[in-house]
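Q: For reference, the structure I am asking about is given below.
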Amino acid sequence: MFLAVVLRVDGREAVPNVFGIGSRPLWVTMALFFCGYLVVMSGANAGTTDFWTWVGALIGVGFFMVAAGLILGAPGDPMPMRTTLVVATLAIAGVAVSLFSLPSPLTHVMQTGPSIGASVIILAFTAVRGRPLAAWAGSAAISLVATVWGHVAGQGAFWGLAVTLPGYAIMIMGSLFSLMLRPMAGQLYALREANERQAALDAATAAATEVRERRLAALDERARPILTRIAEREEFTDDEVAVARLIEAQLRDGIRAPGLDHPRVRDAAWQARRRGVTVLLLDDGGLAADGEDTEAARRRLADAVARVLDETADGRVTVRIQPPGRAVLASVSVVGTSRVERVDFDASDLAVREVADVNAQ
């Protein structure tokens, strides 16, 4: 059962997860172990009619079950010291109450087996959870309890000690297992985190490359004809100069406000500038995250900004996406001859909604 924990990897929360601590298969395995414990205990004590023998046996198995639950459910790595002390105390108490409730002399050779075996399993898992010293101290205390019980019960002190000695082989195995594989588990997580950082860096590089290529394509499409004509020293009409200035402003928007680089906003800003409106678009990164929710918020914001630009006939329109973490996602201010207006858009859950609208004549 003990070796079964090595094959389960559940997550990254703590190193013990590499050993399957807290996984469903291990909970099931532990439950099966205690079912076997009850079967062996019942069979070994089948010829015993003493009430207190059964009470002590059941209390002992209860102690072991609580200790197993604490080991499998306790968070952190290594296991918290307070939990470790409780687990070790329960293991010792479980052995003590089980042994001292047995009849004297014993009626079956297996009457000491369930409690001693369960204590070894509990303490071996304690070592795997990063507390080998506490596990060995608990094992030594159990040997002392068994020695005292053997003397009191008339079985002999050495006989009582002897029943605990086979468990030390499992303790040695568990301790070595922990000492050898726990550092490897830490290295595994470090390597995984390094791979995740590299993947994030590669993704960021790819995104930056995509943005750069998109901007170069836009520059090539919009600005190259004008730049070619300038290089060839051609003359421009007043309308062509106005279009060139609009293209320059549009390219500047793509650099200063990538979060607003949307066809609806580009078209609305172009038309507003042609009407003589001064349009300033700024982006401080509040929509820099990726994801479907962010894209939906960006589309809704673009629609809202486009409506404001379409409704503005003169003056100045300033659109700013706020920095990340602000309650307001973006703000739009309009200063014209007939109105002064500011509209804020809420950032909770990336939902864009109007939260302020002030008009002044």
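Q: Using helices alone, I'd like the mean residue ellipticity at 222 nm for the chain: each DSSP H run of four-plus residues gives -39500 (n - 2.57), total over residue count, nearest 500.
A: -21000 deg cm²/dmol
Q: For the stretch 204-260 and the stretch 51-79, compute the distance between their C-alpha centroids and round to whole Å.
A: 73
Q: Given Ala272, Ile170, Gln250, which one lies farthest toward the positive end of the charge dipole of the chain, if we put +1 on the Cβ of every Lys and Arg and -1 on the Cβ of every Asp and Glu?
A: Value: Ile170.
Q: Let me ask something else. Report the extension gain between Trp52 and Asp284 in nm, rounded to one decimal, defined as 0.36 nm multiplied by the number of residues separating them, less their alpha carbon distance.
A: Contour length minus the Cα-Cα distance gives 76.1 nm.
Q: By per-residue mean of other Cβ atoms within 10 Å, what is the highest-first order of 336-342, 158-164?
A: 158-164, 336-342
Q: Magnitude of the Cβ-charge dipole of the stretch 120-233, K/R +1 and D/E -1, about the Cα centre, nearest 20 debye?
A: 340
Q: I would also like to ask the following. What spacing in nm lies between the two simple spin-label points modelled at Val328 and Thr205, each 7 Å away from Cα in the Cβ direction?
A: Computed distance between label sites Val328 and Thr205 equals 4.0 nm.
Q: About the Cα centre of the chain, what is the dipole size in debye to 20, counting +1 per Lys and Arg Cβ and -1 per Asp and Glu Cβ, all else neutral?
A: Once rounded to the nearest 20, the dipole reads 1000 debye.
Q: Two-decimal Rg/Rh of the chain from alpha-carbon positions, Kirkwood Rh?
A: The Rg/Rh ratio comes out at 1.37.
Q: Right, next: Ranked highest first by the average count of other Cβ atoms within 10 Å around their residues, in what order do 42-50, 227-235 fall?
A: 42-50, 227-235
Q: Which one of Ala96, Ile71, Val308 has its Cα pushed farthest toward the positive end of the charge dipole of the chain, where Lys and Arg give +1 and Asp and Glu give -1 at the Cβ?
A: Ala96
Q: Still on this structure: Expected output is a single nm value to one decimal: the length gained when fully extending between Trp159 and Ala242, i.e. 0.36 nm times separation in residues minus the C-alpha distance. What is it?
A: 19.5 nm
Q: With unit charges on the beta carbon (Lys/Arg positive, Asp/Glu negative), name the residue among Ser115, Ala203, Leu329 whose Cα is farthest towards the positive pole of the charge dipole of the chain.
A: Ser115
Q: What number, in percent, do you get for the relative contact order of the stretch 2-194 if the mean sequence gap of Cα pairs under 8 Å and at least 6 apart is divided by its residue count?
A: Contact order relative to length: 20 percent.
Q: Hey, rough spin-label estimate for Glu311 and Ala296, points 7 angstrom out along Cα→Cβ, what's it come to in nanometres?
A: Label at Glu311, label at Ala296, 2.4 nm between them.
FYI, it's all coordinate maths here, none of it is from the lab. None of these values were measured; they are calculated from a predicted model. Positions of Cβ are generated from backbone atoms using ideal geometry, with glycine treated the same way; all protein chains shown enter the neighbour counts.
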